[in-house]
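The values are calculated or read from the model by the stated rules, or taken from the named source; none is laboratory data. Because the structure is a prediction, the values reported are computed rather than measured. Reconstructed Cβ throughout: ideal geometry from the backbone, glycine too, with neighbour counts over all protein chains shown. Heavy atoms of the whole protein, side chains included, go into the accessibility calculation; ligands, DNA and RNA do not. Shrake-Rupley method; radii C 1.70, N 1.55, O 1.52, S 1.80 Å.
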Amino acid sequence: MTQEFFCGIDFGTSNSSIAVTSPTLKPQMVTVEAEHTTIPSAIFYEANSPSPVFGRKAMQKYINGEEGRLMRSLKRVLGTDLMQNGTILNGKSVKFENILAQYIKYMKEKAETSINKTIKKVVMGRPVHFRDNDRKGDKEAEKQLREIAQISGFDEIYFQYEPIAAAYAHEEKITGEKLACVIDIGGGTSDFSIIRLGEKLKYKQNRQDDILADSGIRIGGNDFDKDLSISSFMPELGFRTTYGKKNLYVPSSQYFDMSEWSKINGAYNYQNKKIIKEVLNEAHQPEKYVRLQELYEQEAGHRLLMLVEEAKIKLSQSSQINTTLEFLSGKPKIKTSENLFSQAIKPDLSQIKKAMSECLQQAQIKSEKIEIIILTGGSTEIPFVKNELCQMFPQAQISAENKLISVGLGLAFDAYHYF
Ligand SMILES: Nc1ncnc2c1ncn2[C@@H]1O[C@H](COP(=O)(O)OP(=O)(O)OP(=O)(O)O)[C@@H](O)[C@H]1O
Ligand SMILES: [Mg+2]
């Protein structure tokens with residue numbers, strides 16, 4: 001009998017990865033784009049081309065100004081009304097389901113090529129909550145992701161919470177038994193789990209007793225991008241300036257739409273352009289407000305938000321960053337600082353901390369009992385975020401290896417035990 005292979009897929013809001021395994025093959029990451037084991041969750045549909053491009057290549061094509069449409073943060077669409085509507089690509093209406101399936105299929109094929117075998121069984125990661133306080137939407141999101149995996153060619157699909165998968169990946173290195181708390185702050189969600197890990201426990205068939213709690217919230221690095229965009233960038237495009245005889249603030253939704261990855265493409269509509277044109281006629285600081293019009297006319301929202309994200313990532317290393325918006329009139333120079341950024345994300349971070357506390361309550365344990373903190377997800381690189389969360393566990397040792405692949409790898413460990 002030929003050997004059966006399985007895989008684990010971490011379909012992330014910002015980055016994805018895939019790992020393969022079989023009864024005799026230890027889980028291993030697949031180089032999914034050139035030599036990389038992670039790939040940005042981005043798709044670029046070139047104008048007049050039938051086949052899209054994925055990952056870094058997709059981002060590069062957009063940055064080079066090639067004609068077409070960039071899609072990012074597609075995971076955020078799961079469980080929302082947008083799933084029903086779809087979007088227009090090259091003049092044709094396409095369902096998000098099929099767009100997402102093209103992406104998953106791309107990863108599946110990379111994995112199959114790496115082992116020269118077909119793979120039909122997958123453990124898919126999922127956030128603890130796709131949607132907050134919306135059970136129906138959450139169920140719907142999982143159902144949609146299952147259908148997407150089916151369209152992509154999988155016939156046995158099992159879901160695992162992302163933070164639990166991250167714990168499994170770390171369990172490989174644990175000696176004795178330890179009570180761990182996983183903190184996974186990614187692009188779209190922050191997920192937590194409290195789990196007993198141990199060198200012997202990992203061979204158990206059913207781990208339900210070892211999982212003391214899991215919780216999550218739909219706030220992550222994408223929201224920090226939005227916070228930084230609104231607080232430091234958008235004021236140079238006229239945000240919070242006034243217009244008209246009544247000295248009203250200019251409308252804000254056009255700024256928020258350009259600060260949220262998953263909303264950008266849908267915002268370049270007639271209605272928004274019309275509002276901006278009318279407000280511009282009466283704007284008190286037209287030299288700034290006109291830049292908002294330029295952003296919409298040039299469809300440069302992704303370009304701006306990429307610069308915002310880049311500044312955010314640099315702020316994890318430097319206390320101050322300057323960014324010049326070359327593509328807008330007057331080439332405004334934006335100054336951001338670690339301090340202002342920390343202030344801007346405070347409300348979102350306090351929601352994240354609240355979800356963390358709820359996880360402890362659910363487990364009915366005191367924070368001092370936690371022996372290991374497993375940090376995973378790109379947003380735990382932010383010193384302020386990391387410190388605020390780790391302070392909740394003064395006694396614990398911190399483990400922060402393989403931040404970007406631990407979920408994918410852990411899902412394959414789960415597949416290895418499950419199938
Ligand atoms: N050095 C850094 N400093 C700050 N933020 C960072 C850094 N590196 C990555 N990020 C942010 O981390 C996020 C991506 O993290 P990750 O790849 O773990 O998310 P994901 O798995 O795609 O998302 P999710 O798990 O929420 O679906 C992005 O918002 C990115 O901007
Ligand atoms: Mg993730």
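With a 1.4 Å probe and all protein chains left in place, how much accessible area per residue does the chain have, in Å²? The partial results should precede the final answer.
On the way: 19050 Å² over 419 residues.
With the other protein chains kept in place, the chain gives 45 Å² per residue.
Read phi for every residue in the range 314-325 and hand back ³J(HN,Hα) as whole Hz from Karplus 6.51 cos²θ - 1.76 cosθ + 1.60, θ = phi - 60°, with x for Gly and Pro.
Those phi angles translate into 5, 5, 6, 10, 10, 7, 9, 9, 10, 10, 9, 8 Hz.
FRET efficiency for Lys173 and Glu287, Cβ-Cβ distance as r, R0 = 41 Å, nearest 0.05?
Working: r = 57 Å, r/R0 = 1.38.
Step by step, r from the Cβ atoms, then E = 0.10.
Which FRET efficiency, nearest 0.05, do Gln205 and Lys117 yield, Cβ-Cβ r, R0 25 Å?
Working: r = 25 Å, r/R0 = 1.02.
E(calc), rounded to 0.05, equals 0.45.
Taking θ as phi - 60°, what are the ³J(HN,Hα) couplings along the range 379-396 by the Karplus curve (6.51, -1.76, 1.60), each to the nearest whole Hz, with x for Gly and Pro?
With the stated coefficients, the range 379-396 comes to 6, 6, 6, 6, x, 4, 5, 4, 5, 4, 7, 5, 4, 5, 10, x, 8, 7 Hz.
Cα centroid distance between the range 241-281 and the range 206-237, in Å?
25
Each residue of the range 205-211 in turn: what ³J(HN,Hα) in whole Hz from Karplus with 6.51, -1.76, 1.60 and θ = phi - 60°, glycine and Pro shown as x?
5, 10, 9, 3, 5, 7, 8
Counting DSSP beta bridges with both partners in the chain, what percentage is antiparallel, nearest 5? Before the final figure, lay out the partial values.
Working: 45 of 63 bridges.
Taking every DSSP beta bridge within the chain, about 70 percent pair in antiparallel fashion.
By how many degrees, between 0 and 90 and to the nearest 10, does the Cα long axis of helix 96-115 differ from the longest principal axis of the chain?
Around 40 degrees separate the two axes.
If you add up the charges near Ala344, with Lys and Arg at +1 and Asp and Glu at -1, over every other residue whose beta carbon is less than 13 angstrom from its beta carbon, what do you get?
Summing Lys and Arg as +1 and Asp and Glu as -1 gives -2.
Give me the number: length gained by fully extending Ile275 to Ala34, i.e. 0.36 nm times residue separation minus the C-alpha to C-alpha distance, one decimal in nm. Mind showing how you got there, number by number?
Values: separation 241, 0.36 × 241 = 86.76 nm, distance 4.41 nm.
Answer, rounded to one decimal: 82.3 nm.
Hey, if we sort Glu381, Glu46 by accessible area with the 1.4 Å probe, largest down, what's the order?
Details: Glu381 100, Glu46 45 Å².
Of Glu381, Glu46, the descending order of accessible area is Glu381, Glu46.
Given the options Gln395, Gln271, Gln28, which has the most mean-square fluctuation in a GNM of the chain, springs set between C-alpha atoms less than 10 angstrom apart?
With Cα springs under 10 Å in the chain, the top fluctuation among Gln395, Gln271, Gln28 is at Gln271.
Given points 7 Å out from each Cα along the Cα-Cβ axis, report the Ser357 to Leu82 separation in nanometres with one decimal.
In this crude label model, Ser357 to Leu82 measures out at 3.1 nm.
Within the set Lys105/Lys353; Lys263/Lys386; Lys136/Lys273; Lys245/Lys274; Lys121/Lys353; Lys75/Lys403, which residue pairs have Cα atoms separated by over 31 Å?
On the way: Lys105/Lys353 36 Å; Lys263/Lys386 28 Å; Lys136/Lys273 34 Å; Lys245/Lys274 19 Å; Lys121/Lys353 36 Å; Lys75/Lys403 19 Å.
Lys105/Lys353; Lys136/Lys273; Lys121/Lys353, as the Cα separations exceed 31 Å there.
If you roll a 1.4 Å probe over the range 339-419 with all protein chains in place, what percent of the accessible area is carbon or sulfur?
On the way: 1820 of 3900 Å².
Answer for the range 339-419: carbon and sulfur cover 47 percent of the accessible area.
Would you list Arg56, Arg240 from the most to the least accessible area, probe 1.4 Å?
Details: Arg56 75, Arg240 145 Å².
From most accessible down to least: Arg240, Arg56.
Tell me, what is the FRET efficiency for Ile63 and Ile398 to the nearest 0.05, using R0 = 35 angstrom and their Cβ-Cβ distance as r? Present the calculation step by step, with values, prior to reporting the outcome.
Details: r = 35 Å, r/R0 = 1.01.
The pair Ile63/Ile398 has a calculated efficiency of 0.50.
Let me check against my output: what whole-number percent is the relative contact order of the chain, with C-alpha pairs under 8 Å and at least 6 apart? Walk me through the numbers on the way to the answer.
On the way: 823 pairs, mean separation 84.5, N = 419.
RCO, the chain: 20 percent.
Counting only protein heavy atoms and using a 1.4 Å probe, what share of the accessible area of the range 38-91 belongs to carbon plus sulfur, as a whole percent?
On the way: 1160 of 2450 Å².
With neighbouring chains kept in place, the figure for the range 38-91 is 47 percent.
For the chain, modelled as a Gaussian network with Cα springs under 10 Å, which listed residue fluctuates most, Ser342, Ser232, Ser51?
Of Ser342, Ser232, Ser51, the Gaussian network model singles out Ser51 as fluctuating most.
Tell me the net charge near Leu89. Cut-off is 13 Å between Cβ atoms, Leu89 excluded, with +1 for each Lys or Arg and -1 for each Asp or Glu.
Values: positive: Arg69, Lys92, Lys95; negative: Glu46, Glu67.
So the surrounding residues net to +1.
Around Ala311, with a cut-off of 15 angstrom between Cβ atoms, what is the net charge of the other residues, counting Lys and Arg +1 and Asp and Glu -1? Walk me through the numbers on the way to the answer.
Numbers: positive: Lys226, Arg303, Lys312, Lys314, Lys333, Lys335; negative: Asp225, Asp227, Glu236, Glu309, Glu310, Glu326, Glu338, Glu381.
So the surrounding residues net to -2.
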